[in-house]
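Single-structure report; data block below.
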Amino acid sequence: MDERTGLPVVGMIGAGQLARMTHQAAIPLGQSLRLLAERADDGAALVAADVVVGDYRDPDVLRAFARGCDVVTFDHEHVPNDLIRALEADAVRVHPRASALRFAQDKRAMRERLTGLGVPCPRWAPVTSAEDVARFADDTGWPVVLKTARGGYDGKGVWVVADADEAAKIVALDAEFLVEEHVGIVRELAAVVARSPFGQGAAWPVVETVQRQGICVEVIAPAPDLDEEQAEEAQSLALRIAAELGVTGVLAVELFETADGLLVNELAMRPHNSAHWTIEGSRTSQFEQHLRAVLDYPLGDTTPTARVTVMANLLGGPEDVVPKGIDERVHHCMARWPDVKIHLYGKQFRPGRKVGHVTALGNDVATVRGRAASAAAYLMNGDTAS
């Protein structure tokens, strides 16, 4: 408990953009967010007052960080599960708990659990050799999708392979793999929900996520032309998964929409890029909701504030440099699109890295998408999207 405010202290392991935006959400609640950062110049470490710099893989660092925290949560899923269990054994309140988080850390464990629950997923199998992959492809056909069981994100650790020779090069890497069928998809969706330790759940509208080279570049809320029955199915499925796995906090369920229905692709148990739009586009943002959930407070209203909200990610360019004249671009962007909200994360620029996002709201999908895309393109390239 923070003696100055009498309010609980939330510790967040990780200090990237998710922690930065969670810190912003904590301020009006009067809460104190304590961060464990890898580097002093991590995006959230630049703006928060209570920052510990240390290695999240060091059990002594984790124990010391957790002292004085009323609850510990995460802005990434890379903390070794056994270290989370050790914190819990020390009576530290951790949300989500290790028993739930393992299903976001280990894709094989996730597939086994979801398959056992009867949740619709792509066909899959664990593999250790190119022969295993070829046998799987005999049933599904080529190409197939190879994934590392742990550690992949934003297209990393995922390969679409066309034949056994290509598969052999990948499974020779030092990693544990699973193979999945290459699903014919209509589009990608995300159902983001929150669940408290008490068991209360809340869901935002299902969104469409637009991917480019495995990285999300745009989110449209709600997903355009999604059948109401299918939208409710996706929300109910996400809430069911949260309950069955014992998730506490925000859960993002990434989905494939196919001609035959919905399939679960991935899970994330933390605030997620597909729900950044909720900062302006919902009565309660995912970041405030995550804080409410891990503190076991009543969850907030998720009603949208506009008919359409579009979030466009700002991605680092071809070189590790800050775009020339970024301050001037921010100035002109605000003048040209005064309704568009800009979020810069204070991160170093790297090719393909998410360094910020913009959000636009309105009534017409095409118009709102155009404003968000043009503002994002201007900020990063000095030009508007065509």
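The values are calculated or read from the model by the stated rules, or taken from the named source; none is laboratory data. Since the model is a prediction, treat every value here as computed from it, not as a measurement. All Cβ positions, even for glycine, are placed from backbone atoms using ideal geometry, and neighbour counts span all protein chains on display.
Name the helices (runs of 4 or more DSSP H) wholly inside the stretch 270-386 in which the number of residues that are over 30 Å from Gln200 (Cβ atoms) and in the same structural domain as Arg212 (by TED's automatic domain parsing) is 2 or more. Before you say what the answer is, go through the steps one by one.
Values: elements: 278-281, 286-294, 326-336, 365-381.
Fully inside the stretch 270-386 and qualifying: 326-336, 365-381.
Out of the stretch 142-189, which residues are of a type in the set (A, V, I, L, M, F, W, C), part of a strand (DSSP E or B) and over 22 Å from Val219 (Cβ atoms)? Give the steps one after another, and end with the answer.
So in the stretch 142-189, the residues of a type in the set (A, V, I, L, M, F, W, C) come out as 142, 144-146, 149, 158-162, 164, 167-168, 170-173, 175, 177-179, 183, 185-186, 189.
Adding the requirement that they be part of a strand (DSSP E or B) leaves 144-146, 158-161, 177-179, 189.
Scanning the stretch 142-189 gives Val144, Val145, Leu146, Trp159, Val160, Val161, Phe177, Leu178, Val179.
Going by what's in this entry, would Val9 be described as in contact with a Ser or Thr (Cβ under 7 Å, 6 or more places away or on another chain) and of a type outside the set (Phe, Trp, Tyr)? Give the steps one after another, and end with the answer.
Values: in contact with a Ser or Thr (Cβ under 7 Å, 6 or more places away or on another chain): yes; of a type outside the set (Phe, Trp, Tyr): yes.
Criteria met by Val9.
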Quiz item: Do the conditions hold for Glu233, that is, is it outside any strand (DSSP E or B) and free of Cβ contacts under 8 Å to residues at least 40 places away in the same chain?
Solution: yes
Per the filter on the stretch 15-33, residues surrounded by fewer than 24 Cβ atoms within 10 Å (Cβ to Cβ) and under 21 Å from Val92 (Cβ atoms) are Ala26, Gln31, Ser32
Only one of (1) modelled with pLDDT under 95; (2) in contact with a Lys or Arg (Cβ under 8 Å, 6 or more places away or on another chain); (3) among the aliphatic types (A, V, I, L, M) does not apply to Ile279, and that is (1)
Of the listed residues (Arg212, Arg187), the one being within 25 Å of the chain's Cα centre (by Cα), without any contact (Cβ under 8 Å) to a residue 12 or more places away in the chain and within 30 Å of Val365 (Cβ to Cβ) is Arg212
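Every residue, every condition in (1) in contact with a helix residue (DSSP H, G or I) (Cβ under 7 Å, 6 or more places away or on another chain); (2) surrounded by fewer than 24 Cβ atoms within 10 Å (Cβ to Cβ); (3) more than 29 Å from Ala366 (Cα to Cα); (4) assigned by TED's automatic domain parsing to the domain that holds Arg20, yes or no:
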position	(1), (2), (3), (4)
Pro224	yes, yes, no, no
Glu229	no, yes, no, no
Val247	yes, no, yes, no
Leu251	yes, no, no, no
Phe256	no, yes, no, no
